[in-house]
Amino acid sequence: MLALSTSLLGACNGNASGGGGGGGGVDEPGPTPVPPPPEPDRFAEPTSARDDALEDVGGFYDHDAQGQPRAVRHDLTGSLPAMVQFAQSHTVDPSGNEARNMPRLTAERAALLLVTPDPSLGEIHSLRLTVLLDGVAQPVLLLRHPNELYRSDANNSDGRKDYNYSRRAWSVHLPWDWVKPGMSLRVMDPLGRTGILAAEAIDFAAPAELVVQSIRLGMLTEPPEESNDHWFLRQPAQAAADYFQTIPAARITVGSYEPMQLARVMVANGTIYDTASVTNGDVYSGDMRENTGKSTVSVGINLANFGATASSMQSQEQPQLFQHVLAHHNVGMYANGRQSHGLSGGNGMLTVYATSGNEFSHEIGHHYGLGHYPGEKDGNHFWAGHHHDSGWGYIAYRKRMRANLNWTRAETTALAGMPSFEDTYAFGTDAMSGGHFSSALSRYTHYTGYSTRVAIQPALDRAIPRASSSTGYVKWSAASRKLEEIAPSVPDNARLFFNVTDGKYRKPRLIGVPVFTVLGGYHPETGSALLYPAFRGNWGNVFDLPEPQAGAATRQCWLEVSFASGPARKVAMAGSVLQAGSVNKLHVNLAQADKPTQARLMCQAPGAAASELAAISIAQDLPAMPAPVVIGQEAGYAALRAVELPEFEALLLARAQPTVLDLGTRGRLLHASYADDPTGLSSEAAAVLARYEEQESKARRLNRWMNAYRAELQADDNTEARAALEALLKTLGLDQRPRLPAPQQLLVGGNCVKVETVDGKPHPYIAAASTCTGAPDELWLADANGSIRSNADLSLCLGSPGGHNAVTLSTCDRERENQVFDLSTLPQIKRNGACLDMSGGRLVEGRAPLITYGCSGGGNQRWTGLTANDNLLPTLLSNSNLGVMRALETP
């Protein structure tokens, strides 16, 4: 007790002396009280995509063909069981696809990974992915919430429900060089639950490559005039990127030849025309169609790229060593006049009017080995069209998905044996089965999983030219799951002249370089011959080809080529007729860089002097051709970016001034494609882009907040919620008055556009002026996007299906081009070159249909009442939140 008192006394003395004052001691202060934690913000901003509401959007793959919730297959093993799919040209499983008549995952091609957790796991807040390549971990990726799954390519405006591929699948883009054998996946959630997909559990198909070239050809007449139908020629980057999305290839190369007009033509029987063919021609017939366009030009260019120098002109055979296709737009002068050819394809050649649309998808389908209505049996077309399990596609460069639904046709229009989807949509049919498809993003038909599995993927699995290979070629080995060198054998076919001694294809000296292709026909025995002007192309293989045998005991023929510098070269040709009743055709690629100046076709019988059968001069110092377009693998979509980034730049600069930065449907598409890498934009365009993204960020924050607190905003006592909303609007800089513009009438000649219900669906029509009272069903609101919303239901917008069809009323969607109207030229209201129109120009029984029609300036297209506005909220708010805001602003 004494010790304790001494201790306390010492403490007091110390305090007194330390304080420096006289009198009593000073107590040492106690610890500062910890303030109570602040009250949590009742209306804190949400930050998760869980609060990004998708309004009236279904999940296509979330239900099976019977309409039942689809079972979640456990592809991931471990404590996080989940189903895994990969989306490329089709959505496929990690393995077992053959049993479902679906293609395998294509190696060395980017893919969208889809992970659907088992429902038993409960709510998942986030997922992270680690990809291991042969056991080596790659950078960790954060998966996108199911609400953020890339949207479909829907393009309908008829009010039917919208669908994403899934509402349950998490997703992330996998780079092309991760998608290959040796890839394994490890998925983890914040609770530490982990799911594994082992490398050996993933089946791969070959990293296939396809080369497509095009030419416009006129035989004794001018070539067809270039048009948008010639999509591979006019817009090769767009065509390559688009068609690439429909096939299971890792790479596509698109080349071209300059247009060619042939003043003289040789056909297989040896006849040389200089005015017109003696035969009649049409879309499918004509001797020049067969012997010149198809055999000499298309097949000849194929064979030149394989190293064959001559073949029978009557024959259209070629071995398709690697995947090379030549499409020709072909016209000829016949006994019945100028005739064009098309609608035909197969065996490396396409005779087509268009390299866009189903004609191209269909005819190249024949090249892959597909017939009509693949899989059809006894009138049942189930496999000839899409169905619940035939796969959607991934349009990687647009960050969108390709649906297998036909968005615009009625659900009852399917082929016999094909199902419909939820009694709402018809499925699309295969390119070989009518090619009925609709897409906001593609010009090409989406092949079914069945056609892709049974024909396209196997056909694409061919040799690939490789300069690094000692033989010049590599091919996918299913056993080793990698590309291996091969030494392919030339076919045993007397109608083809490869002129090899070891039976193997020659290694190309140059692969995919600009070439002059020398084509023509000749009869070695009679000496009749014709060399066409050299065909100039931007892609071809060039070989070191053998010379004719000196002192041979048989007739020798050769092509003697002179160059601007260096010695002439002789290329051996077949010295005899390769097929009875037919002349030979010749086909040789010459590198443009070697500067060939002349080609002479020579023949020499034993003991006789050599004779010249034909000769051509080859022009030099020509302007360089555009480089071929390459899409896929390390090239990515750089070729398309080079074309579209200037367009994006111009679009951004054109929208630099408006209060509301709306990029329009096309601009938003380009934004989705390139905003994540704005490299190449000017500082001015980049500044507009930054403004737009700030605006979109504000819209996302506002919509998330209103989604999260919608119940509070709609409650009877919503004072607190309204105050919080006001505060957020001020924080976001969206505190404008009035919050929403006043709705307006849409009038033509004093008559108003109203909304009625027809068969349970809202429908716009024009009503007589005497019935117009300003009621909600005849009031409209235009937003900065160009949408015209019904005041009776702000989630509904006018839309035009095109042509002279009736204008519809369907759910407003910023991505639907058919809902965008131009009010900048009032009193006309335009869309896609047409004007909003009162059909017939008059009322019948007090009403008239509302349509779009070619702009005429007539009174039936002069609209009053409705004006454009730059109010932010109608453009930035979701449909539901716009309705909530209207309710809050209505007394």
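Each reported figure results from applying straightforward, stated rules to the coordinates on display, with no laboratory input. Note that this is a predicted model, so its numbers are computed, not measured. Every residue, glycine as well, gets a Cβ built from its backbone with ideal geometry; the counts of neighbours run over all protein chains shown.
Give, as a single signed number, the net charge of other residues whose beta carbon lies under 15 Å from the beta carbon of Ile788, with Lys and Arg counted +1 and Asp and Glu -1.
-3
State to the nearest 20 debye the size of the charge dipole of the range 390-436 about its Cα centre, where the only charges are +1 on K and R beta carbons and -1 on D and E beta carbons.
Result for the range 390-436 is approximately 400 debye, rounded to the nearest 20.
Output the relative contact order of the range 837-891, whole-number percent, from Cα pairs under 8 angstrom with separation of 6+ residues.
26 percent
Of the beta bridges DSSP finds with both residues in the range 49-205, what % are antiparallel, to the nearest 5?
85 percent
For the range 362-469, what does the relative contact order come out to in percent, with C-alpha contacts under 8 Å and a separation of six or more?
In percent, rounded to a whole number, it is 30.
So if the hydrodynamic radius of the range 49-205 is defined as the Kirkwood radius over C-alpha pairs, what does Stokes-Einstein give as its diffusion coefficient at 20 °C and 1.002 mPa s, in µm² per second?
132 µm²/s
Take peptides 462-472, 213-223 and line them up by average Cβ neighbours within 10 Å, highest first, as a rough protection proxy.
Per-residue Cβ counts within 10 Å, averaged per peptide and sorted highest first, yield 213-223, 462-472.
Do any GluC sites (Glu not before Pro) in the range 97-186 lie in a loop, going by DSSP, with at most 13 other beta-carbon atoms within 10 Å of their beta carbon, and if so which?
Glu123
Grab the other residues whose beta carbon is less than 13 angstrom from that of Ala721, score K and R as +1, D and E as -1, and report the net.
Net of charged neighbours comes to -3.
5 Å is the cut-off here: which amide hydrogens, built 1.01 Å from N in the peptide plane, fall below it relative to Leu174, excluding neighbours closer than 5 in sequence?
Long-range HN contacts for Leu174: Ala111, Leu112, Leu113.
On the principal axes of its Cα set, how long, how wide and how thick is the chain? Give whole Å, largest value first.
That works out to 138, 97, 58 Å along the principal axes.
Could you sort 60-69, 648-657 so that the peptide with the highest average Cβ count within 10 Å comes first and the rest follow in order?
648-657, 60-69
Return the equivalent ellipsoid semi-axes of the range 483-584 as a descending list in whole Å, where each equals the square root of 5 times an eigenvalue of the C-alpha gyration tensor.
The three semi-axes for the range 483-584 are 23, 20, 15 Å.
In the structure shown, do any of Lys570/Lys595; Lys399/Lys830; Lys161/Lys377; Lys180/Lys475; Lys475/Lys585; Lys698/Lys730 have a Cα-Cα gap over 22 Å, and if so which?
Lys399/Lys830; Lys161/Lys377; Lys475/Lys585
Mind pulling the per residue volume of the convex hull built on the Cα atoms of the range 554-690? Å³ is fine.
Hull volume over Cα atoms, normalised by residue count, gives 218 Å³.
So what's the back-of-envelope 222 nm ellipticity for the chain, counting only DSSP H runs of four-plus at -39500 (n - 2.57) apiece and dividing by all residues, rounded to 500?
It comes out at -5000 deg cm²/dmol, rounded to the nearest 500.
Running Debye on the range 638-731 with equal point scatterers at the Cα sites and no solvent, what base-10 log of I(q)/I(0) appears at q = 0.15, 0.17, 0.21 Å⁻¹?
Debye curve over Cα of the range 638-731, log10 I(q)/I(0) at q = 0.15, 0.17, 0.21 Å⁻¹: -0.67, -0.76, -0.95.
Rank-order 392-402, 181-191 by packing density, defined as the average count of other C-beta atoms within 10 Å over each peptide's residues, highest first.
With the highest mean Cβ count within 10 Å placed first, the list reads 392-402, 181-191.
Please give the per residue volume of the convex hull enclosing the alpha carbon atoms of the range 744-868, rounded to a whole number of Å³.
95 Å³
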